[in-house]
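Inspection log for the structure reproduced underneath, given as C-alpha cells.
Only the coordinates and a few stated rules stand behind these numbers; no lab work does. A quick note: this is a predicted structure, and the numbers were derived from the prediction, not measured. Cβ sites come from the backbone with ideal geometry, for glycine too, and all protein chains shown count toward neighbours.
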Protein chains: 2
Amino acid sequence: MEWLVKNVTYRPHCYFCITPEGILQFRFAQSAPQNLKARECSNWVLLEDHRKKLKDIVEFDKSLLRAFTMVTKNPEKIYPNEDSLRTKFQNIFLSISGLVRHAPVFKDYIFQGLKEFHADNVFFLEIRTMLWPVYELNGEIHDQLWVVRAYQEVADEFKRTHPEFMGFRLIFSDYRTKSLALIAHSVRTAIRLREVFPDIIAGFDLVGREDTGYSLYHYKEALMIPVTYGVQLPYFFHAGETDWYGTSIDRNLIDAVILNATRIGHGFALTKHPVVKAYTQNKDIPLEVCPISNQVMKLVSDMRNHPAAALMAYGHPMVISSDDPAVFGAKGLSYDFYEAFMGIGGKRADLRTLKKLVTNSIKYSSVSKTQKDLFMKVWKLKWNQFIDYLARRPR
Amino acid sequence: MEWLVKNVTYRPHCYFCITPEGILQFRFAQSAPQNLKARECSNWVLLEDHRKKLKDIVEFDKSLLRAFTMVTKNPEKIYPNEDSLRTKFQNIFLSISGLVRHAPVFKDYIFQGLKEFHADNVFFLEIRTMLWPVYELNGEIHDQLWVVRAYQEVADEFKRTHPEFMGFRLIFSDYRTKSLALIAHSVRTAIRLREVFPDIIAGFDLVGREDTGYSLYHYKEALMIPVTYGVQLPYFFHAGETDWYGTSIDRNLIDAVILNATRIGHGFALTKHPVVKAYTQNKDIPLEVCPISNQVMKLVSDMRNHPAAALMAYGHPMVISSDDPAVFGAKGLSYDFYEAFMGIGGKRADLRTLKKLVTNSIKYSSVSKTQKDLFMKVWKLKWNQFIDYLARRPR
Ligand SMILES: [Zn+2]
Ligand SMILES: [Zn+2]
C-alpha cells in the first residue's frame with residue numbers, strides 16, 4: 001500500500017475526487033473524467049496540481065496511506081464493531097480500485113505484490129480475484145480474458161527475474177450480494193476461463209460478509225451448474241466466518257461441504273459442527289485459517305482461543321492464509337504463520353508444527369500431483385538449508 | 001462482601017492490622033492479639049476506635065470493600081495478567097479469613113451466602129470448602145468436624161425460615177501447593193468426614209493455580225488411597241483451567257478422568273483433547289463451566305469463543321457454576337447463566353437451553369436418585385409457573 005502512495009499516485013494523469021461520503025476516488029485519464037457514475041463525485045482534480053499547492057505533502061501522503069489500510073492508532077475506538085470494520089474494508093477497495101485498475105498500474109501492482117510475497121519466502125500463491133475490468137488512459141476497457149492474460153504475463157515476467165518463483169493460480173471470486181442470475185453468469189464465466197487457462201484458473205469462490213450477503217444455499221442453482229453439465233469447477237468457499245453459533249453463517253459451512261468444496265475459507269465455526277468437522281477430516285478438506293484477519297475482524301483476540309487451536313491439537317487438515325494482508329497493514333504470510341505458531345499451536349509448538357503447516361500448504365494446493373512433487377522437492381532443499389542454519393548459527 | 005463490611009466489621013472486638021505487603025488482616029479478640037504469626041503485622045488496632053478517629057467513614061468502608069473484591073474501575077490496568085489476578089485473589093482470602101473464621105461470624109456468613117443464592121432462586125448447592133479452623137473470641141479453635149457440623153446447623157436453621165430450600169453438600173478441597181503427605185492426610189480426612197457426615201460431604205477436590213501448583217499426577221499416591229482401600233471418595237477435580245494448549249494443566253485433565261472424577265471443574269482445555277472429550281461424553285462426566293470466572297481470569301473475553309460453546313453445540317455434559325461469585329463482585333448464579341445463555345449457547349439459544357442447563361444441574365448433582373427425583377418434581381412446578389408467567393405477562 002505504501003507503494004501505491006509513493007509510486008502510483010505520483011504517476012502522471014492521476015485524477016482524484018472525494019465522494020459525498022468522504023471516500024477518495026482515483027482515475028487515470030488524459031483529461032479530467034466527466035461524470036463517471038452518479039454515486040461518484042463530480043469535481044476531479046489532477047493530483048499533480050493538488051500536490052503543488054500543498055504545504056505539507058508528507059502529511060497528505062500519510063493521509064492517503066491511512067485511506068488505503070485499516071491501520072490506526074486507536075483501533076478499539078475507530079472500529080467499535082464488525083460493521084465499522086467492514087465499511088472501512090469496502091471503502092479501501094473503492095479507493096484503490098481506480099488506481100490499480102489502470103492497465104499499466106495493474107500489472108505493476110501484481111508484480112509488486114509478488115515481490116512482497118517472494119521477499120517473505122512465498123514461492124507459490126493461490127489468489128482470490130474478482131477479475132474486475134481494467135481501463136486504459138484513453139478509456140478503453142479490458143475484459144476478464146485480458147485480465148487473466150495480464151496475470152499470466154506478469155507471472156512469466158516475474159519468473160524471469162526470480163527463477164525460484166513457482167507462479168500462482170487464481171480463484172475467480174464474486175460477491176455474495178449479487179443476484180442469483182449474476183452469480184450463475186459468473187459460474188459460467190469461471191468454467192469458460194478454466195477451459196481457456198487451465199493452468200491459471202483454480203476454481204471459484206463467493207466472498208463478502210456472510211450474514212448480510214446471500215447464503216450458499218441461495219445460490220444453489222448457480223453453484224450446481226458445473227455438476228449438472230458434468231464440468232469440473234473446484235470450489236474454495238468462504239464459509240463459517242463467525243464466532244457466533246446459530247446464524248445463517250453456520251449453514252454456509254454445511255452447504256460448502258454439500259457443494260463439494262475443495263477447501264474452506266476460514267471455517268471459523270467448524271468446532272461447533274461435529275458432523276462437518278468429522279466429514280472434512282475424513283475427506284481431507286482443509287480449512288484456510290487466517291489468524292490476523294480473524295483478529296482484525298474481532299472474531300477472536302487471544303489466538304489460544306482460536307478454534308483452529310482445538311483443530312490443530314489433533315491434526316485437522318488446515319493451511320495458513322493471510323487473507324488480505326495489504327489492507328491489514330501486514331505483508332506476506334509470515335505474520336500469520338507467527339500467530340499460528342505462537343498461539344494456535346500451543347506451548348509445545350516446534351519445528352514440526354512449522355514443517356506440517358508448510359507441507360500442508362503444498363499438499364492442499366490446487367496444482368497437479370507432479371507439480372506438488374516438484375514443490376516438495378524444492379521446499380525440502382530450502383528446509384534443510386534452514387535447519388542447517390539453525391543448527392550451525394552462533395548463539 | 002458488602003455484608004462483611006457493613007455488618008461484620010462493625011461488630012465489637014474486631015481488630016485489624018496491615019501487613020508489610022499492605023494486606024489487611026482481621027481478628028476478633030477480647031484484647032489486641034499478640035504477635036499471631038511472624039508474617040502478619042504486629043500492631044493490631046481496634047476497628048471501633050479507628051472508625052471514631054476517621055473523618056470519612058464512608059470512604060474507609062469503600063476501601064474495605066475494594067480489599068474484599070476484585071471489582072475495580074480499571075481492570076485492564078490493575079490486572080494486566082493472570083499473576084496479578086491470582087495475587088489479588090489470594091489477598092482477598094487472606095483479608096477476609098480473619099473475619100469469617102470467627103465462630104459467630106462464620107455461621108452468619110454461611111447463612112448470608114445461602115440468602116443470596118436463595119434470592120437468586122438457587123435451592124440446592126454444592127460448595128467447595130477448605131474447612132479452615134474456626135476460632136472463638138477467647139482463642140479456642142474448632143476442628144473440621146465442628147466446622148462441618150456448623151455448616152449442617154446453619155443449613156437446618158436456614159431451612160426452618162426458607163422451607164423450599166433443599167440444603168447443600170460440601171466438597172472438601174485442599175490446595176495443590178501442599179506436599180504429597182499433607183494431601184494424603186487430607187484425602188484420609190475427607191474419607192473420615194464422609195463416613196461421619198454422609199449426607200453433607202460429597203467428595204474431594206484440589207484447588208489453586210494449576211501451572212504453579214502440583215499436578216494431579218504428583219499426588220497420585222494420595223489420590224489413589226480410596227481405591228486402594230476400597231472406599232468411595234468422589235472427586236470433583238479442578239482441571240484444565242487454561243486456554244494455552246500444551247502445558248501441565250492439560251495433563252491434569254487427562255489425569256482427572258483416569259482418577260475417575262465425578263465432575264470436572266472448568267475443563268476449559270477439553271476441546272483440545274478429543275479422546276478425553278469423547279470419554280467424558282460417553283461416561284457422562286460433566287464439566288463445571290464458570291463463564292464469569294473465566295472472563296475475570298482472562299481465559300476468554302468473548303463468550304462466543306468459550307470452548308463450552310463448541311461443547312454445548314452438540315450437547316456435551318455440563319453444568320453452570322459461579323466459582324467464587326462474591327470475590328468477582330457477582331451474586332448467586334444467574335449472571336453466569338446469563339452469559340452461558342447469551343454467548344455460549346449461540347444466537348438460537350432459547351427456553352430449551354435454560355431448561356437443559358437447569359435439569360443438568362440436578363442430573364449431575366452428587367445426591368441420591370431419590371433426592372434428584374424430588375428436586376426434579378419441585379423444579380418442574382417452579383418451571384411451569386415461570387412459563388405460565390412468561391405466557392400471560394402483559395407485553
Ligand atoms: Zn477473505
Ligand atoms: Zn474454582
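Residue pairs exceeding 20 angstrom between C-alpha atoms, taken from A:356/A:382; B:159/B:377; A:283/A:369; B:6/B:331; A:55/A:77: A:55/A:77. Within the same chain, aspartates and glutamates fewer than 8 places from residue B:220 are excluded, and of the rest, those with a Cα less than 20 Å from its Cα are B:174, B:205, B:210, B:211, B:241, B:250, B:255. Dipole magnitude for segment B:155-249: about 300 debye, using +1 per Lys or Arg Cβ and -1 per Asp or Glu Cβ, origin at the Cα centre. With the charge dipole of segment A:69-183 set up from +1 on Lys and Arg Cβ and -1 on Asp and Glu Cβ about the Cα centre, the Cα lying farthest toward the positive end among the listed residues A:104, A:114, A:93 is that of A:93.
Using a cut-off of 11 Å between beta-carbons, work out the net charge of the residues near residue B:72 (Lys and Arg +1, Asp and Glu -1, residue B:72 not included). Numbers along the way, then the final one.
Details: positive: B:66, B:73, B:77, B:88; negative: B:76.
Net of charged neighbours comes to +3.
A label point on residue B:368, set 7 Å along the Cα-to-Cβ line, lies at 7.6 nm from each of its counterparts in the other copies, closest listed first.
Kindly identify segment B:197-253 as rounded, prolate or oblate by the Cα gyration tensor criterion: order the square roots of the eigenvalues as a ≥ b ≥ c, call it rounded if a/c is under 1.5, otherwise compare a/b with b/c, prolate if a/b is larger, else oblate. Could the numbers behind the result be given before it?
Details: a/c = 2.95, a/b = 1.83, b/c = 1.61.
It comes out prolate by the Cα gyration axes.
Left without a cysteine partner by the 4.7 Å Cβ rule in chain A: A:14, A:290. Annotation note: trypsin sites (Lys or Arg not before Pro) in segment A:48-93 located in DSSP loop regions with a Cβ neighbour count of at most 13 within 10 Å are A:55, A:73. The chain B residue nearest the rotation axis shared with chain A, using its Cβ and rounding the distance to whole Å, is B:305, 2. Coupling constants for segment B:250-258 follow from the phi torsions by the Karplus curve (6.51 cos²θ - 1.76 cosθ + 1.60, θ = phi - 60°), and in residue order they are 4, 5, 4, 4, 5, 5, 4, 6, 4 Hz; glycine and proline get x. Entry note, segment B:287-341: relative contact order of 48 percent, from Cα contacts under 8 Å with a spacing of 6+ residues.
Amide H contacts for residue A:318 (H built 1.01 Å from N in the peptide plane; partners 5 or more residues away or on another chain; cut-off under 5 Å): A:287. Each Lys and Arg Cβ is given +1 and each Asp and Glu Cβ -1; about its Cα centre, chain B then shows a dipole of about 920 debye. Annotation: amide H-H contacts under 5 Å for residue B:28 (H modelled 1.01 Å from N, sequence separation of 5 or more, or interchain): B:15. Starting from the Cα gyration tensor of segment B:108-199, take the square roots of the eigenvalues, sort them a ≥ b ≥ c, and report rounded, prolate or oblate (rounded when a/c is under 1.5, otherwise prolate if a/b is larger than b/c, else oblate). Prolate shape, in that a/c is at least 1.5 and a/b is the bigger ratio.
Near residue B:2: Cβ cut-off under 13 Å, other residues only, Lys/Arg at +1 and Asp/Glu at -1. The net charge is +3. The phi torsions of segment B:268-279, fed into the Karplus equation with coefficients 6.51, -1.76 and 1.60 and a -60° offset, translate into couplings of 4, 7, 4, 5, 8, 10, x, 6, 4, 4, 5, 5 Hz, rounded to whole numbers, with Gly and Pro shown as x. Compute the distance from the alpha-carbon center of segment A:25-102 to that of segment B:261-335, in whole Å. Result: 47 Å between the Cα centres. A straight line joining the Cα centroids of segment B:147-218 and segment A:189-213 runs 62 Å.
Neighbouring Cβ atoms within 10 Å as the yardstick, rank A:102, B:118, B:185 fewest first. Please report the intermediate quantities before stating the final value.
On the way: A:102 24, B:118 17, B:185 14.
Final ranking by Cβ density, sparse to dense: B:185, B:118, A:102.
Each of A:290, A:225, A:276 was scored by the projection of its Cα onto the charge dipole of segment A:198-310, and the greatest displacement toward the positive side belongs to A:276; charges sit on the C-beta of Lys, Arg, Asp and Glu. Each peptide in B:103-112, B:261-270, A:282-291 receives the mean, over its residues, of other Cβ atoms within 10 Å, and ordering these scores from highest gives B:261-270, A:282-291, B:103-112.
Across segment B:186-191, computed HN-Hα scalar couplings (Karplus, 6.51 cos²θ - 1.76 cosθ + 1.60, θ = phi - 60°) run 5, 4, 5, 4, 4, 4 Hz from first to last residue, x flagging Gly and Pro. Distances between equivalent label points of residue B:139 across the copies, with each point positioned 7 Å along Cα→Cβ, amount to 10.4 nm, shortest listed first. Placing a label point 7 Å from Cα along the Cα-to-Cβ direction at residue B:392 gives distances to the equivalent points in the other copies of 8.6 nm, listed shortest first.
How big is the equivalent ellipsoid of the protein assembly as shown along its three axes, where each semi-axis is √(5λ) from the Cα gyration tensor, reported in whole Å from largest to smallest?
Details: eigenvalues 716, 184, 138 Å².
Semi-axes from the Cα gyration tensor: 60, 30, 26 Å.
For segment B:288-352, the list of chymotrypsin sites (Phe, Trp or Tyr not before Pro) that fall in a loop by DSSP and count at most 14 other C-beta atoms within 10 angstrom reads B:314. Per residue of B:306-314, other chain Cβ atoms within 10 Å of the residue Cβ number 5 on average.
Could you give the dipole magnitude of the protein assembly as shown about its Cα centre, charging the beta-carbon of Lys and Arg +1 and that of Asp and Glu -1, in debye to the nearest 20? Dipole size: approximately 420 debye.
Out of segment A:82-175, which GluC sites (Glu not before Pro) are coil in DSSP terms and have no more than 11 other C-beta atoms within 10 Å? Before the final figure, lay out the partial values.
On the way: sites: A:82, A:116, A:126, A:136, A:140, A:153, A:157, A:164; in loops: A:136, A:140, A:164.
Sites meeting the loop and neighbour criteria: A:140, A:164.
For residue A:11, no residue 5 or more places off, or on another chain, has a built amide H under 5 Å of its own. Each principal axis of the Cα cloud of chain A was taken in turn, and the coordinate range along them, longest first, works out to 60, 60, 45 Å. Mean residue ellipticity at 222 nm, helices only, chain B: -14000 deg cm²/dmol; runs of at least 4 DSSP H residues each add -39,500 (n - 2.57), and the sum is divided by the number of residues.
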